[in-house]
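See below for the structure under consideration.
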Amino acid sequence: MRAARVAVAIAFALALQTTLARHLVGSASRIDLVLVAVVHVAMTTGPVTALLSGAIGGIVQDALSGGIIGVGGFSKTVVGFLVALLGTRIVVARQLPRFVLFAAATLLHAATFLWLYSMLESRIPTASVGGVLEQAIGNGVAGLVVFELNKAVPWWRWPWVRSGHVKRRLEW
């Protein structure tokens with residue numbers, strides 16, 4: 001059941017990302033909903049689930065974007081795994097640590113993505129520091145919205161949040 005919910009969350013984020021990207025202009029289009037979903041899964045589950053969700057979400061996003069397949073998948077895999085490990089070490093029950101974790105995950109994703117692209121191809125995608133910072137802030141806000149929706153809408157709640165080990169970790 002958990003794998004199905006994670007798959008639905010990643011598929012929903014991919015569908016929303018691909019349909020909204022062509023309609024939004026400006027900084028709102030800089031939000032990476034797949035990365036937000038991967039980080040949310042990483043913060044609410046364990047490292048293995050986060051690793052798999054990052055790999056699958058990133059590879060499918062790479063296939064849909066037309067770039068080198070695997071660069072985004074590897075970047076999201078690294079981010080998901082590290083966020084899951086870090087989420088077990090720090091308290092992520094309040095808004096500010098969640099926002100910082102989403103923003104830091106976005107910065108790590110951008111750095112890993114650009115580093116891998118520079119290793120594999122001679123022309124690197126253009127990315128400005130301001131654009132990456134805007135995406136970090138946008139992803140942080142989107143992550144907070146996802147957590148609030150998770151609390152507010154009972155039918156949306158993830159089943160593992162109510163289970164013992166993750167529930168204790170989130171309620172510190």
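Taken together, the values in this text are just the output of simple stated rules run on the coordinates, not laboratory data. Worth saying up front: this structure is predicted, and the values here are computed from it rather than measured. Note that we place each Cβ from the backbone using ideal geometry, even for glycine, and neighbour counts take in every protein chain shown.
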By average C-beta atoms within 10 angstrom, highest first, the peptides 66-76, 93-103: 66-76, 93-103
Equivalent ellipsoid semi-axes - Cα gyration tensor, the range 2-167, angstrom: 25, 16, 16
Inter-label distance, nm, simple model (7 Å from Cα along the C-beta direction), Glu148/Ile69: 3.9
